[in-house]
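Below: the structure, in C-alpha cells.
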Amino acid sequence: MRKTYKQLLPSLIFCLVLYSCNQSQENIDVNPSKIIELELIDSLVVDELSILRLQDINLEAGKALFVSKNKNVFLTDLKGEKLNEFSFTDDGPNGVGKNGAMGYKFLDEDRFVAQGFFTSYFIYDLEGNQLKKVPFNTKELYRLSIYNNRTTFHPYMKDGQMMMIGEEQNLFSVKELDEDVPPVEYYDKISAIYRYNLDTEENEILETYPPTWEPRVNRRYVGNDLSFVSVHDTKKSYAMLPLHGSQLFFYEIEDEIKLTKEIQVQHPNRPDTAPIFSPDNPTGYSEYPKFSNVLYAGEYCLIQFFSTIPESKMSELRAISEQYWTSDEYKEVYKQYVKPYFILVKNEEQIGIINELPVNGSVEFMDKNGVIYINDNANPEEERDYNVFYKVKIVD
C-alpha cells in the first residue's frame, strides 16, 4: 500500500529532530578553544640526587630512560626503581665520547639508541653493551641546537631493520643557498627532516616546509626556524610542526612517506599568522610565540608554546644592562610574562587548549594512554634529594 504524505510526516519530523540533535552534539563536542583540564594521578620517583631528564618510556617493556646532569644514563621500571646505571662518556668500547650524547631513545623492548655529538649513533642492549656504531648522517657541522625537554630523533623497527626519523640542521650548508636568491626561496630548497636506515646507512631527506604551509604559499619569509617531528608510538605515522604559523601536518610511514592530513591549530594567546621577518630589526628579538614542542601518542597530539616578553619591556631591560639576562629585573619580568600554553589535538582534530599545569615543572613526555609526564626537578618548589616526575591525565 502506498504511504500518504500524512503517514510519512511524523517519521520525517523524527529524522530531522534526530539529525539536528546529532549536529548539535557534534558542535558541542568539538570546540578548539575548550579549556582542557589535567588531573594528577600518580608520580614516578627516582632515588637519585643529580637532576634527571626523562628521555623515553616504553610501556610494553615497562621501562624508562633518564639522563643526568653529569651525563649518566639510568634505566628504571615504570615506578622509578633503578634497574641499571651507565656511564658512556669515554672513548672505550662502550663509550659515546667525552661529550656524552644528545639524547637516548628506545629502539624496541630490548635496545636503545644514543645520538652522539655529530659522531655516530650507538645501539645498546639493556645491560649497557654497545651492539653497533652507525656513522652520523651528516658530514659537516654548521649548526647546533640542544633541547632540555625533547629529543630530536625517533628510532623504530620496520621489517626487521633499524630505522630512525628525526630532525637534523646539518643536512644542508649555507653555501647551498645563493646569496642573490630572495630569502623566501629558503623554504623551497631547505630540508632538515630525515629517515635513516641504521642497518644500510641509507639517508632519505624528507620535506620540512610542506608546499601548503601558509608562509610558503604566500611567499612570506617568517624566519629560518626548522620544523619539529614526533613519531607516533605505533611507529606508523608522525606529526610535523613548523614553528611559525598555525598548521600541523600528519604523515604516514610506509615505503614511501606520505602526507595524509593537515589541520589548523589555534590558541587565543597566539596569533594565527606569523609576522614577516624584518632584517632591519637591530636586536633580532621577536615577541612572536613560536611553537616549542610537539608530542604525539595514542589518540593525542600535544603542542606547546610559551608566551613572550613584550618588545617594549625587552628594550627597558637592555637599557639597564648589556647582559640583561643575568639581572634580577629580567628574572622578574620573565616570571611575569613567560608561561607555557598547550594546544590539544585528538584523532587529528583540535579539541581544546591547556592553559595551566596542575603541578610545578615542565612537560617532557606523553604516553599512548594520554598520560603526561612533568619534570619537577630542574626548578623544584622545594629542594629534595630525589627526582619526581608527575603523571597527569588529560580530562576531555
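So if I check each of 346, 313, 335, which one is surrounded by fewer than 19 Cβ atoms within 10 Å (Cβ to Cβ) and closer than 23 Å to residue 234 by Cβ? Break it down stepwise before answering.
Numbers: 313 fails: closer than 23 Å to residue 234 by Cβ; 335 fails: closer than 23 Å to residue 234 by Cβ.
Sole residue among the options that is surrounded by fewer than 19 Cβ atoms within 10 Å (Cβ to Cβ) and closer than 23 Å to residue 234 by Cβ: 346.
Could you tell me whether any residue of the range 43-54 is open to solvent by 50 Å² or more (accessible area, probe 1.4 Å) and without any contact (Cβ under 8 Å) to a residue 60 or more places away in the chain? No: zero hits. In the range 95-125, the residue that is nearest to residue 149 (Cα to Cα) out of those that are free of Cβ contacts under 8 Å to residues at least 60 places away in the same chain and among the aromatic types (Phe, Trp, Tyr) is 104. When the test is whether a residue is at pLDDT 65 or above, of a type outside the set (A, V, I, L, M, F, W, C) and within 30 Å of residue 355 (Cα to Cα), residue 82 does not pass it.
Scanning the range 379-392 for residues that are over 14 Å from residue 46 (Cα atoms) and either aliphatic (A, V, I, L, M) or at pLDDT 95 or above (or both) gives a single hit, 392.
Would you be able to say whether some residue in the range 286-295 is assigned to a loop (DSSP other than H, G, I, E, B), hydrophobic (A, V, I, L, M, F, W, C) and open to solvent by 10 Å² or more (accessible area, probe 1.4 Å)? So far as the range 286-295 goes, no, none of its residues is assigned to a loop (DSSP other than H, G, I, E, B), hydrophobic (A, V, I, L, M, F, W, C) and open to solvent by 10 Å² or more (accessible area, probe 1.4 Å).
Taking the range 245-265 as the range and being closer than 26 Å to residue 196 by Cα and free of Cβ contacts under 8 Å to residues at least 60 places away in the same chain as the test, the residues that pass are 247, 249, 251, 252, 254, 255, 256, 258, 259, 260, 262. Of all residues in the range 98-117, exactly one satisfies the criterion of being open to solvent by less than 10 Å² (accessible area, probe 1.4 Å) and over 16 Å from residue 155 (Cα atoms), namely 100.
For the range 244-268, the set of residues classified as part of a loop (DSSP other than H, G, I, E, B), of a type in the set (A, V, I, L, M, F, W, C) and surrounded by fewer than 19 Cβ atoms within 10 Å (Cβ to Cβ) consists of 257 only.
Taking the criterion of being in a loop (DSSP other than H, G, I, E, B), open to solvent by 10 Å² or more (accessible area, probe 1.4 Å) and either in contact (Cβ under 8 Å) with a residue 40 or more places away in the chain or over 23 Å from residue 44 (Cβ atoms) (or both), the residues of the range 59-94 that qualify are 59, 60, 61, 89, 90, 91, 92, 93, 94. Residue 305 passes every criterion in (1) on the phi < 0 side of the Ramachandran plot; (2) in a loop (DSSP other than H, G, I, E, B) apart from (2). Among the residues of the range 333-377, those that are farther than 25 Å from residue 65 by Cα and of a type in the set (Phe, Trp, Tyr) comprise 334, 337, 341. Do we have residue 341 as under 22 Å from residue 269 (Cβ atoms) and open to solvent by less than 40 Å² (accessible area, probe 1.4 Å) here? Yes: the conditions hold for residue 341.
Here the strands (runs of 3 or more DSSP E) wholly within the range 130-224 that include at least 3 residues being open to solvent by less than 50 Å² (accessible area, probe 1.4 Å) are 153-158, 161-167, 193-197.
The values are calculated or read from the model by the stated rules, or taken from the named source; none is laboratory data. Everything quoted here is computed from the prediction, not taken from an experiment. Methodologically, a virtual Cβ is constructed for each residue, glycine included, from the backbone with ideal geometry; neighbour enumeration extends over all protein chains shown. Only protein heavy atoms, including side chains, enter the accessible area calculation; ligands, DNA and RNA are left aside. Shrake-Rupley method; radii C 1.70, N 1.55, O 1.52, S 1.80 Å.
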